[in-house]
Amino acid sequence: MSTAELPQLFGLVPTGLFGPLASGQSPLYWEILVRLYQHEFEREPFIVVRPLAAEIAEEVLRTSRIWLERREEIIADETLVELDGGEEQATADEGVIVRATARRLVTRLERSGWFRFEYRSGVGQVLSFYPYAARILETLVRVARDEQPVFQGYAHTIASILKPEVFIAKPGVSLSEAKRHVLDMVRELKILDRNIFSFTQKLLEEVSTAAGVLQEGIDHYRQAIQANYHRLKTVDNLFKWRAEILLRLEIMERDTVSLDGATRWYAEQLGVDKETAARRVRDDLYLLRRQFETLPGLIDDIDTRNARYSGVALRKIMYLLRQDKRIEGQLQLLIDRMAKDEAPEMEFDVYRCALLADGFLYNPVRRRPRAVSRKLDRPPQQDVAQIRQRVAPSLRRAFSKVRVEEYVERLLAGKGSVSIKEADLAGDEDYVRLIYIAAYGFDPRSKYTFERMKDGGGFRIERKGIYGFPAGDLKRKRKGGRDWTS
């Protein structure tokens with residue numbers, strides 16, 4: 001990708017947008033932004049006017065531990081003082097100070113580019129988030145809530161978008177949305193893979209007690225990783241959808257009519273010429289196919305890392321519980337300390353064991369006898385023709401198409417048609433053959449056809465003993481494929 005094709009963030013977003021969130025009062029700014037975002041987008045239709053925005057910031061200040069601990073520092077912040085003209089607050093009461101500081105916090109967020117206040121007749125100045133700010137905040141809120149994706153939702157959505165009837169109706173929209181969901185799904189799978197690695201490293205480097213291992217494995221790992229991983233391997237198993245989606249992509253690549261429609265939509269949506277749009281369509285189709293083709297490798301990496309985490313957790317908790325009782329526990333303790341450069345100074349003396357007493361329980365290693373090769377016994381020669389003759393009847397299908405057609409030919413006995421009730425029906429085996437006769441009669445490649453008889457609004461049913469079957473006629477076909485007509 002060339003530099004010209006790279007998206008330029010700060011051509012759209014103000015350079016000082018993240019200044020408040022990078023300052024010493026970042027928790028205050030974050031809480032104010034989230035409260036305003038929730039009022040604007042996550043509640044019933046609601047309008048936030050400027051006085052209400054100041055009240056929300058004031059409430060945040062009054063309930064914030066940072067305000068109680070660093071009150072004087074926040075009041076003296078030059079960035080905030082400049083926003084309010086530097087009015088003197090030393091002699092003001094607490095309520096005035098809180099309101100003034102809250103107003104300054106809101107003003108800094110406004111001037112940083114998070115939102116603006118628009119005048120509306122009859123209402124006043126109404127808060128309005130910039131489009132980029134609303135999208136950034138939505139992502140940050142989901143991160144703060146630690147929301148986990150539903151992989152089944154990704155796969156189901158992609159398969160639904162790429163259904164033939166949906167793609168043919170709106171090929172450009174379907175392809176574009178499928179690409180977006182595929183990239184989201186692969187991104188979340190890679191995040192899951194990296195999270196497992198991070199938890200494993202934390203278990204190795206930071207956890208030092210058995211209780212800590214259990215807390216990490218049962219509380220943190222299970223909530224952040226295990227539940228998602230379990231869904232991925234069971235109800236959200238992506239391999240249920242993978243083959244269907246790959247097959248659909250192959251069909252789409254050969255559907256020139258729909259691809260032309262997608263090209264026109266891309267050209268109109270992106271504002272490019274038809275040739276560039278066609279290239280983008282081909283690139284997106286190739287990207288979708290490659291992502292699903294490489295999906296097994298990514299899932300294997302996730303499986304390997306999850307198994308490694310389980311092994312590390314088990315070995316570490318066994319080591320922590322038994323390190324005072326077992327030699328391997330003591331050795332593991334020394335290795336861990338030495339790896340962290342915390343091992344105590346000690347001297348090791350090594351002696352050769354010799355002339356041990358008679359009561360010593362050591363048994364010397366005995367050399368095993370070497371294996372001697374011998375010739376394999378060959379089975380006696382069998383009569384291949386006799387074996388084939390004995391096995392062939394059991395391998396032949398009792399109701400193969402050829403055998404059923406031969407039976408129908410005997411029923412017809414030179415006639416153009418015959419009723420199906422003329423077929424033998426003395427038991428279950430005959431009834432099964434009757435089912436195959438009717439089924440093969442609907443196959444255009446069969447030597448005969450089966451025409452059902454109607455009875456009023458439906459088809460007529462014949463009965464012979466305990467067996468019921470559709471009424472109709474069996475007709476021989478001519479070589480040209482037309483039914484026999486008398």
Of all residues in the stretch 277-302, how many are surrounded by 14 or more Cβ atoms within 10 Å (Cβ to Cβ), β-branched (Val, Ile, Thr) and free of Cβ contacts under 8 Å to residues at least 24 places away in the same chain?
-> 0
Any residue in the stretch 247-265 that is within 19 Å of residue 301 (Cβ to Cβ) and hydroxyl-bearing (Ser, Thr, Tyr)?
-> no
Would it be correct to say that residue 54 is modelled with pLDDT under 80 and not in a loop (DSSP other than H, G, I, E, B)?
-> no
Inspect all residues belonging to the stretch 211-219 and state whether any of them is closer than 30 Å to residue 320 by Cα, of a type in the set (Asp, Glu), in a helix (DSSP H, G or I) and modelled with pLDDT under 80.
-> yes
Could you list all residues from the stretch 359-416 that are free of Cβ contacts under 8 Å to residues at least 40 places away in the same chain, basic (Lys, Arg), part of a helix (DSSP H, G or I) and surrounded by 10 or more Cβ atoms within 10 Å (Cβ to Cβ)?
-> 388, 390, 403
Tell me, please, whether a residue that is on the phi > 0 side of the Ramachandran plot and free of Cβ contacts under 8 Å to residues at least 24 places away in the same chain can be found in the stretch 430-450.
-> no
Hey, can you tell me all the residues within the stretch 129-172 that are more than 21 Å from residue 9 (Cα to Cα) and outside any helix (DSSP H, G or I)?
-> 145, 146, 147, 148, 149, 150, 162, 163, 170
Check whether at least one residue in the stretch 147-159 is closer than 22 Å to residue 282 by Cα, out of contact with any helix residue (DSSP H, G or I) (no Cβ under 6 Å at 6 or more places or on another chain) and in the same structural domain as residue 292 (by TED's automatic domain parsing), and report yes or no.
-> no
Tell me, please, whether a residue that is touching a residue at least 60 places away in the same chain (Cβ under 8 Å) and in a loop (DSSP other than H, G, I, E, B) can be found in the stretch 28-45.
-> no
Residue under evaluation residue 67, criteria (1) at pLDDT 85 or above; (2) more than 21 Å from residue 130 (Cβ to Cβ); (3) among the aromatic types (Phe, Trp, Tyr), criterion not met | (1)
Residue list for the stretch 303-326, filter: at pLDDT below 85, surrounded by 19 or more Cβ atoms within 10 Å (Cβ to Cβ) and closer than 30 Å to residue 238 by Cα | 306, 309, 313
Looking across the stretch 106-119 at residues that are without any contact (Cβ under 8 Å) to a residue 24 or more places away in the chain and either in contact with a Ser or Thr (Cβ under 7 Å, 6 or more places away or on another chain) or farther than 13 Å from residue 29 by Cα (or both), the single one that is surrounded by the fewest Cβ atoms within 10 Å (Cβ to Cβ) is 119
Within the stretch 60-69, residues touching a residue at least 12 places away in the same chain (Cβ under 8 Å) and either closer than 19 Å to residue 96 by Cβ or outside the structural domain of residue 106 (by TED's automatic domain parsing) (or both) come out as 60, 61, 62, 64, 67
Of 195, 228, which residue is in a helix (DSSP H, G or I) and at pLDDT below 75?
-> 228
What number of residues within the stretch 431-447 are surrounded by 13 or more Cβ atoms within 10 Å (Cβ to Cβ) and over 16 Å from residue 471 (Cα atoms)?
-> 2
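The values are calculated or read from the model by the stated rules, or taken from the named source; none is laboratory data. Note that the structure is predicted; figures quoted are calculated from it, not measured. Heads up, the Cβs are rebuilt from the backbone with ideal geometry, glycines too, and the neighbour counts pull from every protein chain shown.
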